[in-house]
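J.: Structure in C-alpha cells, see below.
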Amino acid sequence: MNHFAKKLKELRSSRRIYQRELAEYLQVSIGTYQNYEKGIHEPNIDKLIALADYFKVSLDELVGRT
C-alpha cells in the first residue's frame, strides 16, 4: 500500500467517517473511493486538494512529502 492510500485510510478511520461519506463529498463512486484506499487508483489533483481541505492537512502530508 502506498503512502497516500495508507494516510487516507488512517485519516478517515481516526475521524470515524464512512467511505460512502467521502465518496459523496468527492462525487465519485464508492468503488472508486475504495480503490483510492487500496492504492489501486489515485485521485486527480482536484480531488487531492478537496481531500486535503476536508481533513485540514497539507497536500505534502497527504501524499507523503516531507
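J.: Determine whether the stretch 35-48 contains at least one residue that is open to solvent by less than 60 Å² (accessible area, probe 1.4 Å), part of a helix (DSSP H, G or I) and among the small types (G, A, S).
T.: No: the stretch 35-48 contains no residue that is open to solvent by less than 60 Å² (accessible area, probe 1.4 Å), part of a helix (DSSP H, G or I) and among the small types (G, A, S).
J.: Just to be sure I understand, how many residues within the stretch 1-28 are surrounded by 13 or more Cβ atoms within 10 Å (Cβ to Cβ) and small (G, A, S)?
T.: So the answer is 2.
J.: Additional query: Need pairs with beta-carbon distance below 7 Å; first residue within 13 Å of K7 (Cα to Cα) and touching a residue at least 60 places away in the same chain (Cβ under 8 Å) and within the stretch 36-63, second open to solvent by 60 Å² or more (accessible area, probe 1.4 Å) and assigned to a helix (DSSP H, G or I); sequence gap 6+ or separate chains.
T.: Here the result reads V63/H3, each pair linking the stretch 36-63 to a residue that is open to solvent by 60 Å² or more (accessible area, probe 1.4 Å) and assigned to a helix (DSSP H, G or I).
J.: What are the pairs with Cβ atoms under 7 angstrom where one residue, in the stretch 1-18, is among the charged types (D, E, K, R) and the other, located anywhere, is modelled with pLDDT under 95? Sequence gap at least six, or different chains.
T.: Listed by first residue and then by second, the contacts come to K7/L62; K7/G64.
The values are calculated or read from the model by the stated rules, or taken from the named source; none is laboratory data. Source: prediction; values computed, not measured. All Cβ positions, glycine included, derive from the backbone under ideal geometry; neighbour counts span all protein chains shown. Note: accessible area is taken over every heavy atom of the protein model, side chains too, but ligands, DNA and RNA are not part of it. Shrake-Rupley method; radii C 1.70, N 1.55, O 1.52, S 1.80 Å.
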